[in-house]
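To start, the structure under review is shown below, and the notes come after it.
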Amino acid sequence: MAPSAAEADSAASSSGRLLVLYASQTGNAMDAAERVGREAERGGCPAVDVLSMDGFDPSRLPSERFVVFVVSTTGQGDPPDSMKGFWRDMLRKDLGAQWLEGVRHAVFGLGDSGYQKYNFAAKKLDRRLSHLGAERVVEIGLGDDQHPSGYEGALDPWLLSLWKSLNETNQSLLPRVSDINDPNLSTLGDPKVHVIYYSSNEVPQDSILSDPQKIINSARTMSPALQFHDDGGPPYMLQMVANQRLTEEGSDRDVRHFELEDPSSAISYKTGDALEILPSQNPSAVDAFIERCNLEPDCYVTIRGKSVDKISKGSAVMSFFATAEHEKEKLQYFASPEGRDDLYQYNQKESRTVLEVLEDFPSVQMPFEWLVQLTPPLKKRAFSISSSPLAHPNQIHLTVSIVSWLTPFKRTRHGLCSTWLAGLNPRKDNLIPCWIHQGSLPPPHPSVPLVLIGPGTGCAPFRAFVEERAAQTVAEPTAPVLFFFGCRNQDNDFLYKDFWLTHAQDEGVLSSKKGGGLFVAFSRDQPQKVYVQHKIKEQSARVWNLLLSGAAVYIAGSSTKMPADVTAALEEVICKEHGVKKEDASKWLRDLERVGRFNIETWS
C-alpha cells in the first residue's frame, strides 16, 4: 500500500531535518545543544529543531531520520528531570529490537570524571538506542568538567566528526558543511526576533506588567530551549525575612543563613528538596548595559520571535558587526577551531559577562535584535533546603556560601545569585522568584537509622533531616542518627554550632542516649589536618553497627575529593568490621545504593 501524501511529506521533512534533543539540569546541556543547532544551520541544514526532551513525544522517534542527543548526568548517575519521562518511555518492554530501525543517532554527554558514575545517563541512553535498532552516526562523546577547556574540550572534536559523518551519510542534509567552521561570515540573514520600542507615554496597557511572575514567565519563553522545558514561571515569589552570617566576621569565608517565606500562602515542600532561585542583576550593570546598547533607559520594549522554534544564535555574529579590523580578526579567530581554547580562556575561565565582552570590542555596534539572540537566558541557581516543613511549615531556610574567586588574570569575581541574596534587606521589598524541585536525597522514614556526612555547607540538608526527626520524635519512635560535620576552625566556621550541640544533648536526636552521635572534624585546629573521613574511621564500630541495623547513608557537600574520600573511608570500615576485601566492601556499598540506602548530593 502506497503511503499517503501526508505521510510522504512527513518522511521527506524528517529525512531533511536534524532533531536535537537535550536534557539539562543546570543549563550546560542546553547551551551545547543550541551550539549543535547553530552549526547545523550554518552548514545549510534545511530544518533544525532544538528541543528539551520533555517537549518531545517519544512515540514520534521512529519517524525521525537524524537525531542528536545532548544529555547531562546529575546526582548519582541520574538523568536530569527533563529526561525522566522520556527515559521511562524508552524502557518500555514492548519496544522491539527494530523499533528505531532507520534512525541514525549521536549522543554527547556532559559530566564530571570526579564522580563515580561519570556520564552515566548519556552512556545508558546510547546503549538503549542501539538496542532498539538505531544506528550510531559517531561514537558517543563524553564532555568532562575536569578538562582544562571544560566539556567543550570533548565537544569540539566530537562535532567535527559528527558533521563529517553526517555529510558522508547524506550530503543534502549539510549542503554547506564547509561553512560550519569558517569564521568569516559574508552573509548573516535576518534576525529571528522582532523588537518593538515604545516611549514612556506609549506603554501598552497590559496586565502582565503588574505581575512579576508573568513577566518572568514571558521573558523566559523567549529562549527557544527554555520554552519547551516544563517549569513555567516561578510558582513562588518568596520574601526574605532573615539574613544572618554564620561565619565569624574575620573569617575569609562568608556563609549565610537565609529564611524565606510566602507572605500570602503556604509553601509545599519536603525534606531533601532543593530550591531554585532566579537572581536579579546588579542595577549598575543593567544601567551600563542599556547605555552600551544605545537604548533609552525609560523606553518599554517587547520582543517577539518571528519563528519561535527556530530562534538561534550566531557564533561569529559579533565579527560581522565589528568595524575595527583588529577586533574583527580577533573575533574571527575566537570563532575558528584553532581559537577555541583561547576563547575558553578568555570567556569561561575569566567568567566574563556579556557587558564586559561588548566593552572589550567597542567597534561592535550590534542591532539589539541580534544581541537578544546572542545573550543566553539567566540561569536559575539551586540550593539544598536546610529546614523541615514540620518545623517551619511556611518557611524555607537556606545555607549559602557567598561565592567569590580570583580568575587566572587575578580578577575578583562574585557569584551572581549568592551575592544578590547577601545584599537583600530582610522584610523590605525583596520578592525572590523560586521553584521547588525534588533533590537527590530522598526523605528517610522515621524508623530508618541514619549516617549523615556533610562537611561545610554540605550540612544544609542534614539540618533539615535533624529538624524533621526531632519533630517526628514527639509523635512516634525514631531511629538513631550519626552526624559527621567538618570545617576549618571551631571558632570561625562551625556552622549552626548551637543547633548541633543542642540536639546532641539530653534526649536530643544526636544524643548518645538515643543511640546517635555528633562528630566534628576541625581541619586547621591542629598541626595535622583532620577531615570527616578520619572521624568516620575513628567511629568504625558505631558506623558498622548502625549499617547492620539497616541504616541509610547520606553524603552532601563539595564535589571535589570529598565524596571519593568518604566512600573510601566507609569501605575501610566495612573491610575492618566485616573482615572482607576492598572489592567486597565496594560491592556492599553498591548494593546499599541499589536499594536506596546510599545517597550523595554534591555541587561544584
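The values are calculated or read from the model by the stated rules, or taken from the named source; none is laboratory data. Remember, predicted model here, so these are calculated numbers, not experimental data. Note that we place each Cβ from the backbone using ideal geometry, even for glycine, and neighbour counts take in every protein chain shown. Only protein heavy atoms, including side chains, enter the accessible area calculation; ligands, DNA and RNA are left aside. Shrake-Rupley method; radii C 1.70, N 1.55, O 1.52, S 1.80 Å.
Quick notes on this one:
- The charge dipole of segment 450-602, taken about the Cα centre with unit charges on the Cβ atoms of Lys, Arg (+1) and Asp, Glu (-1), comes to about 340 debye, rounded to the nearest 20.
- Using θ = phi - 60° and Karplus 6.51 cos²θ - 1.76 cosθ + 1.60, couplings along segment 81-86 (whole Hz; Gly, Pro as x): 3, 6, 9, 5, x, 4
- Cα centroid of segment 321-400 to Cα centroid of segment 534-579, whole Å: 40
- Which labelled figure in (1) 193; (2) 141; (3) 344 is volume of the Cα convex hull per residue in Å³, once derived from the coordinates: (1)
- Measuring spread by the Cα atoms of segment 331-435 yields a radius of gyration and Dmax of 18.8, 58 Å.
- Sorted largest first, extent of segment 450-602 alpha carbons per principal axis (Å): 43, 40, 25
- Portion, in percent, of the accessible area of the chain that falls on carbon or sulfur, probe 1.4 Å: 50
- Once C-alpha pairs closer than 8 Å and six or more residues apart are averaged by separation and normalised to the residue number of segment 282-377, the relative contact order reads 35 percent.
- ³J(HN,Hα), Karplus 6.51/-1.76/1.60, whole Hz, each residue of segment 213-219, x for Gly, Pro: 5, 5, 4, 5, 4, 5, 5
- The mean accessible area for residues of segment 16-181, using a 1.4 Å probe and ignoring ligands and nucleic acids, is 39 Å² per residue.
- For segment 537-585: accessible area per residue (Å², 1.4 Å): 46
- Calculated [θ] (222 nm, deg cm²/dmol) that DSSP helices of n ≥ 4 give over the chain, each run adding -39,500 (n - 2.57): -9500 deg cm²/dmol
- Placing +1 on the Cβ of every Lys and Arg and -1 on the Cβ of every Asp and Glu, with no other charges, gives the chain a dipole of roughly 1460 debye about its Cα centre.
- Karplus-derived 3J(HN,Hα) values for segment 172-181, using 6.51 cos²θ - 1.76 cosθ + 1.60 with θ = phi - 60°, are 6, 6, 10, x, 10, 4, 5, 6, 4, 10 Hz; glycine and proline are entered as x.
- Length-normalised contact order for the chain - Cα pairs under 8 Å, 6+ apart - percent: 13
- Segment 282-377: C-alpha gyration tensor shape, a/c 1.5 cut-off, then a/b vs b/c: prolate
- Cα gyration tensor, segment 16-181 - rounded (a/c under 1.5), prolate or oblate: oblate
- In this structure, the amide hydrogen of Gly141, modeled 1.01 Å from its nitrogen in the peptide plane, lies closer than 5 angstrom to those of Val107, Phe108, Gly109, counting only residues at least 5 positions away or on a different chain.
- Amide H contacts under 5 Å for Ala521, placed H, 5+ residues apart: Phe485, Gly486, Cys487
- Amide hydrogen proximity for Phe598: with H placed 1.01 Å from N in the peptide plane, the residues at 5 or more positions away or on another chain lying under 5 Å are Val553, Glu593.
- Per residue value of the accessible surface for segment 282-377 (all protein chains in place, 1.4 Å probe), Å²: 53
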